[in-house]
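**Q** Before anything else, here's the structure in question.
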Amino acid sequence: MVLAALVALPLAIASASPDRSSWAQARQPARSQSLTVVSYAVTKTAYDQIFKLFAADWKKKTGQTVTLRGSYGGSGSQTRAVIDGLEADVVSLAMAADINKIQQAGLIQPGWEQENPYNSTPIHSTVAVFVRPGNPKKISSWKDLDNKDVEVVLANPKTSGGARWNFLALWGAITRSGGSEAQARSFITGVYRNTDVLPKDAREATDAFVKRRQGDVLLNWESEAILARRKGEWTTPYKLFSPNVLTEQPVTVVDKVVDRRGTRKVAEAFVRFLYSPAAQKVFADNGFRPTTPEGKAYARGKFQSVSFFRVGDFGGWSGVDRKFFGKGGIWDQIFARTR
């Protein structure tokens, strides 16, 4: 009996040990999670690759399975969809102005720009000009676009973030070269007067020009030009005119959604992952200009040099949005005169 008691004692102690219980719980596989990343149309090819890289990296580090789903469309349209209820753990949009609108709707906390490097902007781009083979319209500078014999294809600034960058590129082409605002307004009015259709987003604009053969010239993201050439859809070299706008495309978590869904930890890790060498390489390979030193080193020689200006040179997005794209702003005035 004594021996039996002695044998049973360690078993009883072991079964009651809180350390052993905690260890057993830690060995349980973490509950899988899902993330929805709401972005603008032209990022899809890059994010399809980055989602796989992040999921594998997260699984290796934490043992947790995470499934990522992307939602793509015009940046302005996507912004409104998130505000109206499209559930996004992360938003990756064409401009800070769109994220600020989601913040104003109470879904993102103020100060999001400071949560990650480079004002929470992992990638840049600029505005490229597609021309037809042989450049029959002799397009060699911004001013050549204001020509009644040149039909220009551009997306709609009301629905597309890329289209708003196009507008700023055209405006800055005049005002950053010594021209007046009156001259800039006249120039852009001429360009849009020669635009028969205004596609809803950048990808649709590319399809109109490349696949449906509409127009003589297309203004779009540099990444779209690079992707079209890589796919063999468009082999004519694209043009970058100076001065040009350096576009800044930010990313952040949607605080209200991640806190409700319990996905903050993995969502924040995903945003940080976009600055990793692996993700920056994918962005560069898909036509986006990296922002990190490692990314820039990898991208050296992959992009044309150009003289840039930024939205900050116009006072930042809050003033730009009111002046150009708000109700009754310069875009509305130009639209009314050209339609």
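The values are calculated or read from the model by the stated rules, or taken from the named source; none is laboratory data. Treat the numbers as computed from the prediction; the structure is a model and nothing was measured. We place every Cβ from the backbone using ideal geometry, glycine too, and count neighbours over all the protein chains shown.
**Q** Report every pair of residues separated by at least 6 positions or lying on different chains whose Cβ atoms are under 9 Å apart, first residue within region 133-152 and at positive phi, second of a type in the set (Lys, Arg).
**A** Asn135/Lys239
**Q** Of the residues Val266, Val253, only one is buried (at least 20 other Cβ atoms within 10 Å of the Cβ), modelled with pLDDT of 95 or more and touching a Leu at 6+ places or on another chain (Cβ under 7 Å); which?
**A** Going through Val266, Val253 in turn, the sole match is Val266.
**Q** Can I ask one more? Can you name the residue in region 284-313 that is in contact with a Lys or Arg (Cβ under 8 Å, 6 or more places away or on another chain) and hydrophobic (A, V, I, L, M, F, W, C) and is also surrounded by the most Cβ atoms within 10 Å (Cβ to Cβ) among such residues?
**A** So, considering only residues that are in contact with a Lys or Arg (Cβ under 8 Å, 6 or more places away or on another chain) and hydrophobic (A, V, I, L, M, F, W, C), the one surrounded by the most Cβ atoms within 10 Å (Cβ to Cβ) is Ala284.
So that you can scan it fast, the table gives a plain yes or no per residue for (1) closer than 19 Å to Phe288 by Cα; (2) among the polar types (S, T, N, Q); (3) in a helix (DSSP H, G or I); (4) not assigned by TED's automatic domain parsing to the domain that holds Asp98:
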| site | (1), (2), (3), (4) |
| --- | --- |
| Gly162 | yes, no, yes, yes |
| Asn166 | yes, yes, yes, yes |
| Ala169 | yes, no, yes, yes |
| Ala173 | no, no, yes, yes |
| Val191 | no, no, yes, yes |
| Asp207 | no, no, yes, yes |
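**Q** So, in region 177-203, exactly how many residues are among the charged types (D, E, K, R) and at pLDDT 95 or above?
**A** The total comes to 2.
**Q** Of all residues in region 220-250 being crowded, with 20+ Cβ neighbours inside 10 Å and small (Gly, Ala, Ser), which is nearest to Arg310 (Cα to Cα)?
**A** So, considering only residues that are crowded, with 20+ Cβ neighbours inside 10 Å and small (Gly, Ala, Ser), the one nearest to Arg310 (Cα to Cα) is Ser223.
**Q** So, in region 13-60, how many residues would count as being of a type in the set (D, E, K, R), modelled with pLDDT under 95 and in a helix (DSSP H, G or I)?
**A** 2
**Q** Surrounded by fewer than 18 Cβ atoms within 10 Å (Cβ to Cβ) and either in contact with a helix residue (DSSP H, G or I) (Cβ under 8 Å, 6 or more places away or on another chain) or farther than 27 Å from Asp98 by Cα (or both): does that describe Gln33?
**A** Spelling it out, it is not the case that Gln33 is surrounded by fewer than 18 Cβ atoms within 10 Å (Cβ to Cβ) and either in contact with a helix residue (DSSP H, G or I) (Cβ under 8 Å, 6 or more places away or on another chain) or farther than 27 Å from Asp98 by Cα (or both).
**Q** Which condition does Gly161 not pass, out of (1) within 30 Å of Asp89 (Cβ to Cβ); (2) surrounded by fewer than 23 Cβ atoms within 10 Å (Cβ to Cβ), if it passes all the others?
**A** (2)
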